[in-house]
1. Report the antiparallel proportion of the DSSP beta bridges in region 21-159 as a percent, rounded to a multiple of 5.
2. Taking the number of other C-beta atoms within 10 Å as the exposure measure, put 131, 90, 150, 79 in order starting with the fewest.
3. For residue 22, project a label point 7 Å along Cα to C-beta. Then give me every residue of region 81-110 with its amide nitrogen under 13 Å of that point.
4. Sorting 38, 135, 140, 61 on the 10 Å Cβ count, fewest up front, what's the list?
5. Which entry is the computed volume of the Cα convex hull per residue in Å³ for this structure: (1) 120; (2) 154; (3) 108?
6. For 40, 116, which order do you get if you count the other beta carbons within 10 Å of each Cβ and list the fewest first?
7. 222 nm [θ] for the chain, helices only, -39500 (n - 2.57) per DSSP H run of 4+, per residue, to 500?
């Protein structure tokens, strides 16, 4: 086999990887922002049960939030897994979810997601969060739900009750 063929094959395999090499400063900034925003609270299994599974960090919760009249919503997988996480979302779609609560299919995220709090992130900070999320190992973890108000959840549920409601 010729060295030119081997070199061409390596270039074909390695070139796409080089295009996606993450800037270490952006990864660090994104990690900092994700940490202070406590994204792990709603997106890491075991967190609300007092035993976070850090091997599946940001791989989706195992506890849902019940919003009266709306249903039960479980924090989804934020890792770059293509089937159960954000792996097929573009950077712009992830930023839109974080800042305006828009899903790629046009639906709005559940109101439990505090996207209003992130609406004024700088473009650099929003992209740093995306860069960090893309740097995580993919976790294959499909979370249950969402469940409509008349459906029975298949997961632990935290009920959020507004003041004055019964």
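1. So the antiparallel bridges in region 21-159 amount to around 60 percent.
2. 150, 90, 131, 79
3. Residues 81, 86-87 qualify, since their backbone N sits under 13 Å from the label point.
4. Numbers: 38 11, 135 18, 140 14, 61 29.
Listed from fewest to most nearby Cβ atoms, that is 38, 140, 135, 61.
5. (2)
6. Values: 40 17, 116 11.
Ascending number of Cβ neighbours within 10 Å: 116, 40.
7. It lands at -10500 deg cm²/dmol.
No value in this document is a laboratory result; all are computed from the given coordinates. Just so it is clear, the model here is predicted, and its values are computed rather than measured. Note that we place each Cβ from the backbone using ideal geometry, even for glycine, and neighbour counts take in every protein chain shown.
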